[in-house]
Amino acid sequence: MKLARRWAVTLTIALAALTSPGARSQQDTNSANYIMLGCEAFLVDPIPTSKLLIAGVCAGIIDTLQAVKPNICLPAISTRRLLVRGVVTYINNNPARLHENFIDLAGEALEQTWPCAKQ
């Protein structure tokens, strides 16, 4: 019983420390500045183990955007790596915008890099 109680107390303290405002990073985890760490890691082969999660977040966002945005026309042969590289290039060419929301900026990057032909 003592061991179970000790574990419960330890877990409670750990959770409190993780969720307290002082323990959280002040970095905006929705910003391009933050998620670009994962995008750049995604382009490394193999992806560094320490960046697997954020690399997956980056690739997942880009996959979703290309699927739901109607004004993106990808080449017939396109890979996830090509899409991520296009977004990374676009955002790196606009470093003053790294503070902006990654989803908005990545959507813009896809639209600008692979626009649909006007009919």
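Structure values in brief
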read-out: Arg81 - accessible surface, heavy atoms, 1.4 Å probe, Å² rounded to 10; value: 80
read-out: Long-range amide H partners of Ser31 with built H, under 5 Å; value: Phe102
read-out: With all protein chains modelled, accessible area of Tyr90 [1.4 Å, Å²]; value: 50
read-out: Extension gain, Ala96 back to Asp63 (0.36 nm per residue minus Cα-Cα distance, nm); value: 9.4 nm
read-out: Probe 1.4 Å - accessible area at Asp45, Å² to nearest ten; value: 130
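The values are calculated or read from the model by the stated rules, or taken from the named source; none is laboratory data. Here the structure is a predicted model, which means the values were calculated and not measured. Accessible surface is based on the protein model in full, side chains and every heavy atom, while ligands, DNA and RNA are left aside. Shrake-Rupley method; radii C 1.70, N 1.55, O 1.52, S 1.80 Å.
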